[in-house]
Amino acid sequence: MSVLKARRIIDQIRGRSYEETLLILEFMPYRASFPILKLVYSAAANASHNMGLNEADLFISQAEVNGGPITKKLRPRARGRSYPIKKPTCHITIVLKDKSK
């Protein structure tokens, strides 16, 4: 997805608690919210499994979206010409921290 579409969603969840973030992402009307929801689930699972943190005490301390490589393809057009298709990608970083610390 493009950086601007992902940033529109990340700006809404930055600094919020884990449960509140899940509610916001589930009811957002944007198609880009589902991959970010999966990423937040994964980050919480990593925090609870690797660090032993409780998921109820987590909040999003840092969330950023950076641009990734652009996939370029050529689409055939009329009269033997071609038209470039540029598919942007992005790198999404989410850091969860414990409220009690």
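The values are calculated or read from the model by the stated rules, or taken from the named source; none is laboratory data. This one's a predicted model, so the numbers in the text were calculated from it and none came from an experiment. With ideal geometry, Cβ positions are generated from the backbone for all residues, glycine too; neighbour counts draw on all protein chains shown. Areas reflect the complete protein model, heavy atoms only, side chains present, ligands, DNA and RNA absent. Shrake-Rupley method; radii C 1.70, N 1.55, O 1.52, S 1.80 Å.
Before moving on, here are some points about what is shown:
- Among Ile85, Ala43, Asn54 - extreme Cα towards positive end, dipole of segment 19-94, charges at beta-carbon: Ile85
- Using alpha carbons only: equivalent-ellipsoid semi-axes of segment 3-98, gyration tensor based, whole Å: 35, 13, 10
- Per-residue extension of 0.36 nm, minus the Cα-Cα distance of Asn54 and Lys72, leaves a gain of 2.2 nm for this segment.
- Accessible surface of the chain [probe 1.4 Å, protein heavy atoms]: carbon and sulfur percent: 52 percent
- Efficiency of FRET between Tyr83 and Lys38 - r from beta-carbon atoms, R0 35 angstrom, step 0.05: 0.60
- Under the criterion of Cα pairs below 8 Å and six or more residues apart, the relative contact order for the chain equals 34 percent.
- Spatially close lysines, pair count over the chain: Cα under 14 Å, gap of eight or more or interchain: 5
- Between Gly67, Gly15, Gly52, the Gaussian network model of the chain with springs among Cα atoms under 10 angstrom shows the greatest mean-square fluctuation at Gly52.
- Alpha-carbon Rg with Dmax, taken over segment 5-49, Å: 10.1, 31
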